[in-house]
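Please read the structure below before turning to the comments.
The values are calculated or read from the model by the stated rules, or taken from the named source; none is laboratory data. Note that this is a predicted model, so its numbers are computed, not measured. Every residue, glycine as well, gets a Cβ built from its backbone with ideal geometry; the counts of neighbours run over all protein chains shown. Just so you know, the surface numbers come from the protein's heavy atoms only, side chains and all, with ligands and any DNA or RNA stripped out. Shrake-Rupley method; radii C 1.70, N 1.55, O 1.52, S 1.80 Å.
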Amino acid sequence: MSMPRSHHFTAAAVRAFPDDGNRYEVVHGELLVTSAPSVRHQTVLARLFHALNTYLVHHAVDGLRWSPADISYGDDTLVQPDLFVADLAAALHSGRWEDVRTLYLVIEALSPSTKAADRGVKRRLYQEQRIPEYWIVDGDHDEVEVWTAGAHFPRRERDRFTWRHPALTAECEVDLSGVFAR
């Protein structure tokens, strides 16, 4: 849910919020607040994590993580993607999320409170940042919207599709029937 634009929030201000069970993000000063996700939301993400992790571990590549993780793009932008694949070398050395600069894949699973932000301000942010792929996972419609950095429209996947980490030649096949199984 987006809050009215009465205040320009900073990443530092959001980091100072008390831990009240909500997820706080800020994109270009706009505060985004979401409550705890549903069981279905978490189940779908767990299955995607498993598919991606199996692929990456098999090829000895680290980088798949989940939130909470403060990914920042300046003083007024801090996001917490549900899942993401990143270059973690600097962050593993420093122990700080601020050192994550390169994301290869970002995944957000829709929920009623995040739908508008995930498809709007966050999608635009990830495209501005030239994230190679951004997946919007719609568990209600059993599909994934695949956005690329320069796309005006998503590619909609409902069956099987592939993703490839840029350091690898092998692809990860994602079987959505398993991801969305009820």
Q: Output the qualifying pairs, or none if there are none: Cβ atoms under 7 angstrom, residues six or more apart or on different chains, first residue in the stretch 126-151 and over 19 Å from Val44 (Cβ atoms), second residue of a type in the set (Lys, Arg).
A: Ala149/Arg130
Q: For the stretch 53-71, name all the residues that are farther than 30 Å from His28 by Cα and of a type outside the set (Phe, Trp, Tyr).
A: Asn53, Thr54, Leu56, Val57, His58, His59, Ala60, Val61
Q: Can you work out which of the residues in the stretch 70-104 that are in contact (Cβ under 8 Å) with a residue 60 or more places away in the chain and either within 13 Å of the chain's Cα centre (by Cα) or open to solvent by less than 60 Å² (accessible area, probe 1.4 Å) (or both) is farthest from Asn53 (Cα to Cα)?
A: Asp76
(Q) Exactly one condition in (1) open to solvent by 60 Å² or more (accessible area, probe 1.4 Å); (2) of a type in the set (A, V, I, L, M, F, W, C); (3) assigned to a helix (DSSP H, G or I); (4) at pLDDT 95 or above is false for Ala60; which is it? (A) (3)
Q: Restricting attention to the stretch 129-148, report how many residues are open to solvent by less than 100 Å² (accessible area, probe 1.4 Å) and in a loop (DSSP other than H, G, I, E, B).
A: 5
Q) Which residues, counting only those in the stretch 47-57, are open to solvent by less than 60 Å² (accessible area, probe 1.4 Å) and within 25 Å of Arg182 (Cα to Cα)? A) Leu48, Phe49, Ala51, Leu52, Asn53, Tyr55
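Let's see how each residue does on (1) at pLDDT 90 or above; (2) in a loop (DSSP other than H, G, I, E, B):
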site: Leu56; (1), (2): yes, no
site: Asp75; (1), (2): yes, yes
site: Leu92; (1), (2): yes, no
site: Pro112; (1), (2): no, yes
Q. Which members of the stretch 149-172 meet the condition of being open to solvent by 40 Å² or more (accessible area, probe 1.4 Å), in contact with a helix residue (DSSP H, G or I) (Cβ under 8 Å, 6 or more places away or on another chain) and not in a loop (DSSP other than H, G, I, E, B)?
A. Arg160
Q: Look through the stretch 1-37, keep the residues that are open to solvent by 50 Å² or more (accessible area, probe 1.4 Å), within 17 Å of Thr114 (Cβ to Cβ) and not in a loop (DSSP other than H, G, I, E, B), and return whichever of them is modelled with the highest pLDDT.
A: Arg23
Q.
For the stretch 105-114, give me the residue count where each residue is acidic (Asp, Glu) and open to solvent by 20 Å² or more (accessible area, probe 1.4 Å).
A. 0
